[in-house]
Amino acid sequence: MLQNGNKGSYRMLICPQCQFPNPNTNKFCQGCGTSLTYKVCAECGTSVALNQKQCPNCGAKTGKVWWAIVSGATEGARDWGLGTRNVGTSGAGTGTRDEIGETSSQSSSPQPLTSSPSYLDSQQRYQLLEPLVFTAETDVTFEAQVRVLDTQPFQLSLLKAGADLMMEQAIPADAKIYTALQPKLSQQLPAIHDAWQQGSQQVLLIADRSHWRELMELWLENTTTPLQILHWFDDMVQLWE
């Protein structure tokens with residue numbers, strides 16, 4: 001598991017109803033009495049545990065899902081108990097790419113990481129919703145992207161806790177870029193929720209946009225207007241800058 005830099009003293013529960021900060025051990029909000037241990041399904045009114053992704057009664061989505069980006073030095077991936085291997089591109093015979101996963105005999109296609117832990121962090125807050133597959137970006141760096149369920153969505157994250165200098169140093173540089181650009185590019189950039197760094201490994205949690213449609217797909221639709229295309233161009237220019 002990746003160890004995050006969050007300390008217990010920074011953990012508080014923020015009431016979803018009145019935004020009142022509560023001690024981490026509270027089961028109900030001191031300000032308005034709202035439960036801090038379950039959510040109410042917006043579709044059927046059923047009480048749903050915070051660590052459940054869907055309502056057990058009607059199947060509506062109730063859990064908070066984030067998109068996690070894990071990156072760092074390839075050597076740091078050994079902390080997961082993994083080896084590195086080369087995976088040849090199927091049928092090509094030329095190009096290859098590296099993946100960090102379970103060491104196996106010569107495989108012809110990428111294999112999912114079946115031995116990955118159930119949680120992304122040592123506090124067991126962010127539960128993995130799919131296999132965690134590390135892809136080597138270069139000879140010395142790796143990256144993985146995966147959706148995670150926030151099993152403690154009312155808990156304050158490190159970035160929102162007003163961390164002191166020591167904690168600030170543990171925040172990855174990429175997270176600081178997101179924080180700096182968010183006020184200017186709130187529509188273009190997904191909101192950042194949490195981030196931490198441990199040794200050579202860093203983790204960013206941002207709003208899950210994996211269900212969004214790709215630009216080229218929308219571009220080719222007959223209903224897409226020239227004005228909308230110009231708007232997308234403007235978004236891209238702002239991001240490039």
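Every number here is computed from the coordinates shown, using simple stated rules; none is lab data. Keep in mind that this is a model prediction, so the values were computed, not measured. Please note: Cβ atoms are built from the backbone with ideal geometry, for glycine as well, and neighbour counts cover all protein chains shown.
Structure notes:
- Candidate cross-link partners of LYS53 among the lysines, defined by an alpha-carbon separation under 25 Å and a same-chain spacing of 8 or more, comprise LYS27, LYS39, LYS61, LYS64, LYS160.
- Counted residue by residue at 0.36 nm each, then reduced by the alpha carbon distance between them, the extension gain from GLN17 to LEU185 reaches 57.8 nm.
- Cα-based shape type of the range 17-61, given that a ≥ b ≥ c are square roots of the gyration tensor eigenvalues and the cut on a/c is 1.5: prolate
- The simple Förster model, with R0 at 22 Å and r as the Cβ-Cβ distance, assigns ALA49 and ILE177 a FRET efficiency of 0.05.
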